[in-house]
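What follows is a set of notes on a single structure, which appears directly below.
The values are calculated or read from the model by the stated rules, or taken from the named source; none is laboratory data. Just so it is clear, the model here is predicted, and its values are computed rather than measured. No Cβ is skipped: glycine too gets one built from the backbone with ideal geometry, and neighbour counts run over all protein chains shown. Just so you know, the surface numbers come from the protein's heavy atoms only, side chains and all, with ligands and any DNA or RNA stripped out. Shrake-Rupley method; radii C 1.70, N 1.55, O 1.52, S 1.80 Å.
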Amino acid sequence: MSGAPRPTGTRPEGVGPSGLGAHGVGAALGARLRDGDLSAAPAVLNLLESTTAQDRREAAALLAEVSPAALGGEAPGQVIGVTGPPGAGKSTLLSALLRAWRAEGQSVAMLAVDPSSRRSGGSLLGDRARIEFDPADRETFIRSTSAGERLGGLAWATRAAAHALAAAFDVVVIETVGVGQAETEVADVADTVAVVVQPGSGDVLQFYKAGIMEIPDVLVVTKADLGTIAMRTRRDVGAALRSLGSTSTSVVAVSSLAPAQGIEELIAALREHGAGADRAERRLRARRANALADYAHEHGERGLRALGGRLAAEQLLRSQDPQLDTAALVAALVAALERSAGER
Amino acid sequence: MMRTYAGHSTAKASNELYRRNLAKGQTGLSVAFDLPTQTGYDPDDELARGEVGKVGVPISHRGDMSALMDGIPLEEMNTSMTINATAAWLLALYIVAAEDQGVAQQALQGTTQNDIIKEFLARGTYAFPPAASMRLIADMIAYTVEHVPKWNPINICSYHLQEAGATPVQEIAYAMSNAIAVLDAARERVEAAHSSDNGTRGAEAQELMEQVFGRISFFVNAGVRFIEEHAKLRAMSVLWEELGRERYGVQDPRRLRFRYGVQVNSLGLTEAQPENNVQRIVLEALAVTLGRDTRARAIQLPAWNEALGLPRPWDQQWSLRIQQVLAYETDILEYPDIFEGSIVMDGLVGELLHGARAEMAVVAEHGGAVEAVAYMKGALVDSHRERLRRIEAGEQVVVGQNRYTESEVSPLTADAEGGILVVDPAIEAQQIEHLRSWRSQRDQPAVDAALAELAEAAAAKGGEQNLMVATIAAARAGATTGEWSRTLRDVFGSYRAPTGVGEASAAPPDADLSELREEVMRLQEKLGRRPKILVGKPGLDGHSNGAEQIAVRARDAGMDVVYEGIRLTPAQIAASALQEGVHVIGLSILSGSHRELIPAVIDALREAGVQAPVVVGGIIPEQDVAALREAGVAAVYTPKDFDITRIMRDIVELVGAEAPVPVAGSVASVNGSA
């Protein structure tokens, strides 16, 4: 590892990146991911989802082990966000994609995010039942998580898990429900965002035209077996995207029903985007955005004002070493907050 | 017609049972198939484990069907088969068995249930995706109308909808919407078949369509609120006639008659004080016999001990005798329709019609019954939850369960088996042996050729080739149930039906639940994560109501719920439990296969390194509880544990007791074993 400036205080004593205190649970799990040990995934998620103070410290140690600094670059796996309205056929599509990726020998982790029940805080994570997988396959990992209490963002654990798993899995999929907000959140963590719509969903077009939704990297029209209506939707969406000045979005029509159509084309489009996109740049931007969100969640508007406002905080983040992980960036902001408190 | 739903263990044992029942005065057969046969698996399939011969008879090939019908004259018999996804196959085997007796298919009488939409909604024994399933049904209708004219190719079932919690309005509306989907598919087939360009084609197609309409019968439910249930049947007959006249242009009044068979309600039968079920069954039988104009054509009564386990021949005899007393001792059959002119009955019927028409419109808006499966499923889960809530709160009285619960010791359940039939576990191995010897003795190239033709017919565009023809050829060649289904699955793809639990709305506020939520929150703080439960059904049993209600209540209590649905192998459950990091696992089994499957699931879990406690719910006889606990089950719940909130409290406590190990600790143990 290079001598990148790493703010002190990001990790508790004894739980450092490889070497110092590597016997810590979090660091050990991180090291297993770095070594490509896919069987670490369930325990990694259990740890990242935990909110106890001790587990949070271990989680930080885990993440440090798979940070760009520890890996000597960005994690190799491609993080793909898949989002779309309920009923668009996401689960069936994901089953088909999973089959195709596995046939190519790619290891796949899927993080399915379900909306929580507001009233009770409980959630029904039903998507798993709808994604077909082979239970004996050690290179497929599917985890459902509830979106959690936090408004306006994917659960912290989901973001952290996507980054961590990308160190070991070839493909990491984050599946979320909804359009608009959900898609924006996914864009903050995924290398490639695919939005899934079904034929005849004119509303989605309206969202793009009104600027409510950001333009995705890949747009998938499902249920191509419906024939002309699916083809018309594909054409309309393509034309609308071009009229909005987007030339880079691939529009793919698929049918997940047997005989499946368009799955290979979709996989190629996702791969092409993954190879073409400036992944390092996008991830760096995501880490900064996530760090700011985490900081704001913890310290609120007052915390932002103490740093001189949101713009100043962004400025400060941009001045940090680009290889720092999100936790380290948050720590940099916290350090600045402490300095400003000391000055007063 | 009087029947009892019967079949178990082997074709030979079931044949003996049928002959005894016929000798006792039963006038038709009602065949119960085991779950592997219903879902299209051979006894040696991994998914068939523990299920062979349990809830019905295993039929794998023409040899089994011939043994089942041995000595029973098929030209005289009226045979009802409770078979759906694999109905085309079982009818083909029946046709071939008749050929062996020298009976032509034209002479066969009976019914295949063949209603796939209610399998997606309530019963769970589907095999193929919706569109392919509807094509199979349309093919069977087209085939039987022409070649097996006395056969009822489909029985639209509202029975299972009520078992899944349907209100009378929902039962009527969903059954009628289902019938529309089937008839529309059949009409398409009939019109395609008669599209050759000659002048009479329109008239021919119309005549055939009227025949099809006349062959559709229903299979309904009757609950203990028997006045309202009677009104429901009158409402259904009004709607059916209206549908025939207006949508399908049927004129002949005989063809417009609403024909139905009935099995009275099982959902309301209790495990507590099971003798009370006898009077419930009698009252429910009245609902379908009181008024002559809407009297059932065939009645099956469940046995008093259904909530305890599989009924024995004596239990079924008791149910048959109820019908005989009703028919031959009472004066019920001596009068014209006794509700004619009743203002109260007419008002009740009017209300139900109004509600049902509104609900049918909602289904139509979704694009019809096939497209509305997810909507209807969610609505049923909601209704069932409301029903359970009323029982838990004591608003709906269930004698012996939530009121008048004190009881003397029952002599009925005192024998060693607890008053139920236990299927010999050795049967499964015998059936597998029997199947292998069948496979080794048949003309294999002929089977391969027949299956290849079946695959080709299935891949052809719908309507071009009737699948019944290739299916009968495969049956004749000696193919097996599993081979027929696998061939079609390979072409059509497999399918998982919507679970309905995601659509279920949040629970209304309730003091008990709020208290439970606080406990869940405390547990969450202790665990570091929200308590997470995996709910699933191992084996082939598709009766998912109980599992769904547990899943919804756990969500309402504030837990994260991974609901895996039906038809899971032990390996799938173990993989999911591990990947999802759940704190507790809830399994539900109603088919009697718990003694084999539950220990297999626990072994798979522990092998995967999952130490989370396992709780089991379902129809678990008292004498099996100790064995399950020994296998490592933390708690067992049966139908008498009707208070789901209390079950949830137990589960929360259980997780809390197991929880002193913090998350990081469990990580270390997994780590250590890796």
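For the pair residue A:297 and residue A:137 in one chain, pulling the backbone fully straight at 0.36 nm per residue adds 53.8 nm over the alpha carbon distance.
Against the empirical 2.2 N^0.38 Å scaling, what ratio does the C-alpha Rg of the stretch B:10-63 come to? Display every interim value, and only then the final one.
Numbers: Rg = 12.4 Å, N = 54, 2.2 N^0.38 = 10.0 Å.
Relative to the rule-of-thumb radius for its length, the stretch B:10-63 sits at 1.24.
What Kirkwood hydrodynamic radius, in Å, does chain B give when the mean of 1/r is taken over all pairs of distinct Cα atoms and then inverted? Let's see the in-between values first.
Details: mean 1/r = 0.0384 Å⁻¹.
26.0 Å is the Kirkwood radius here.
For the stretch A:33-171, the Cβ-based charge dipole about the Cα centre amounts to some 540 debye (Lys, Arg positive; Asp, Glu negative; other atoms uncharged). The modelled label-to-label distance for the pair residue B:606/residue A:53, using points 7 Å beyond Cα in the direction of Cβ, is 3.8 nm. State the percentage of accessible surface on the stretch A:227-344 attributable to carbon and sulfur atoms; use a 1.4 Å probe and exclude ligands, DNA and RNA. With neighbouring chains kept in place, the figure for the stretch A:227-344 is 52 percent.
Considering only the other residues whose Cβ falls under 14 Å of the Cβ of residue B:593, what net charge follows from Lys and Arg at +1 and Asp and Glu at -1?
Details: positive: B:49, B:54, B:537, B:567, B:595; negative: B:34, B:45, B:46, B:51, B:424, B:428, B:541, B:596, B:624.
With Lys, Arg at +1 and Asp, Glu at -1, the neighbours total -4.
Among B:431, B:47, B:314, which residue has its Cα furthest toward the positive end of the charge dipole of the protein assembly as shown, with +1 on Lys/Arg Cβ and -1 on Asp/Glu Cβ? Looking along the dipole axis, the top candidate is B:47.
Approximating the spin labels as points 7 Å out from Cα along Cα→Cβ, the residue B:446-to-residue B:207 distance works out to 3.8 nm. Peptide A:51-64 shows a mean partner chain C-beta count of 3 within 10 Å per residue C-beta. Using a simple spin-label model with pseudo-atoms 7 Å out from Cα toward Cβ, residue A:104 and residue B:404 lie 6.8 nm apart.
Among the listed pairs B:118/B:461; B:54/B:377; A:90/B:537; A:90/B:54; B:54/B:118, give every one whose C-alpha distance is greater than 32 Å. Numbers along the way, then the final one.
Numbers: B:118/B:461 25 Å; B:54/B:377 27 Å; A:90/B:537 24 Å; A:90/B:54 37 Å; B:54/B:118 22 Å.
Too far apart for the 32 Å limit: A:90/B:54.
Please say if the stretch A:278-344 is rounded, prolate or oblate, where rounded means a/c under 1.5 for a ≥ b ≥ c the square roots of the C-alpha gyration tensor eigenvalues, and otherwise the choice is prolate for a/b larger than b/c and oblate otherwise? Since a/c reaches 1.5 and a/b is larger than b/c, the shape of the stretch A:278-344 is classed as prolate.
Per residue, how many Å² of accessible area does the stretch B:511-673 show with a 1.4 Å probe? Before the final figure, lay out the partial values.
On the way: 5290 Å² over 163 residues.
Accessible area per residue, the stretch B:511-673: 32 Å².
Here the accessible area is traced with a 1.4 Å probe on the protein chains. For chain B, carbon and sulfur cover 53 percent of it. Sorted largest first by accessible area at a 1.4 angstrom probe radius, with every protein chain in place, the residues B:370, B:344, A:173 fall in the order B:344, B:370, A:173.
How large is the direction-averaged shadow of the alpha-carbon convex hull of the stretch B:55-193, in nm²?
8.7
Hand me the GluC sites (Glu not before Pro) from the stretch B:328-387 located in a DSSP loop with no more than 16 other Cβ atoms within 10 Å, in residue order please. Passing both the DSSP loop test and the Cβ count: B:340, B:371.
Using only side-chain charges placed at the Cβ, +1 for Lys and Arg and -1 for Asp and Glu, the dipole size of chain B relative to its Cα centre rounds to 260 debye.
Shielding by partners for peptide A:35-44, expressed as the average number of C-beta atoms from other protein chains within 10 Å of each residue's C-beta, is 4. Among the protein heavy atoms of the stretch A:17-73, carbon and sulfur supply 53% of the accessible surface, probe 1.4 Å, non-protein parts ignored.
From the P(r) of the stretch A:17-73, can you give the percent of Cα pairs sitting at distances over 19 Å? Present the calculation step by step, with values, prior to reporting the outcome.
Details: 299 of 1596 pairs.
Every Cα pair in the stretch A:17-73 considered, those over 19 Å come to 19 percent.
Would you work out if the stretch B:245-391 is rounded, prolate or oblate? Take a ≥ b ≥ c from the square roots of the eigenvalues of the alpha-carbon gyration tensor; rounded if a/c is under 1.5, else prolate when a/b is larger than b/c, oblate otherwise. Note, shape of the stretch B:245-391 comes out oblate. Once you have a ≥ b ≥ c as the square roots of the Cα gyration tensor eigenvalues for the stretch B:337-445, tell me rounded if a/c is under 1.5, and otherwise prolate or oblate according to whether a/b is larger than b/c. Because a/c hits 1.5 or more and a/b fails to exceed b/c, the stretch B:337-445 counts as oblate. Relative intensity of the stretch B:1-90 on a log10 scale, I(q)/I(0) at q = 0.15, 0.19 Å⁻¹, equals -0.51, -0.81, per a Debye sum over C-alpha point scatterers of equal strength in the absence of solvent. The percentage of C-alpha pairs in the stretch B:156-423 whose separation is greater than 27 Å is 47%. In this Cβ point-charge picture (+1 for Lys and Arg, -1 for Asp and Glu), the protein assembly as shown has a dipole of about 1700 debye about its Cα centre.
Just the projected area, averaged over all directions, of the convex hull on the alpha carbon atoms of the stretch B:175-293: how many nm²? If you can, show how the numbers build up before the last one.
On the way: hull surface 33.6 nm².
Averaging across all directions leaves 8.4 nm² for the Cα convex hull.
A cut-off of 5 Å between modelled amide H atoms, ignoring neighbours fewer than 5 places along the same chain, links residue B:637 with B:616, B:617, B:618. For the protein assembly as shown, the alpha-carbon radius of gyration amounts to 1.00 times the rule-of-thumb value 2.2 N^0.38 Å expected for a compact globular protein. Multiplying the residue separation of residue B:343 and residue B:522 by 0.36 nm and removing their Cα-Cα distance gives an extension gain of 58.7 nm. Set the Cα radius of gyration of the stretch B:65-118 against 2.2 N^0.38 Å, with N its number of residues, and you get 1.11. Volume per residue of the convex hull around the Cα atoms, evaluated for the stretch A:206-334, comes out as 152 Å³. Segment residue B:104..residue B:275, full-extension length gain: 57.1 nm, with 0.36 nm per residue of separation and the alpha-carbon distance subtracted. Computed from the C-beta positions of residue A:231 and residue B:317 and an R0 of 56 Å, the FRET efficiency is 0.35 to the nearest 0.05. Neighbouring Cβ atoms from other chains, within 10 Å of the Cβ of residues in B:128-135, number 1 on average.
If you plug the beta carbon distance of residue B:251 and residue B:188 into 1/(1 + (r/R0)^6) with R0 = 30 Å, you get a FRET efficiency near 0.90.
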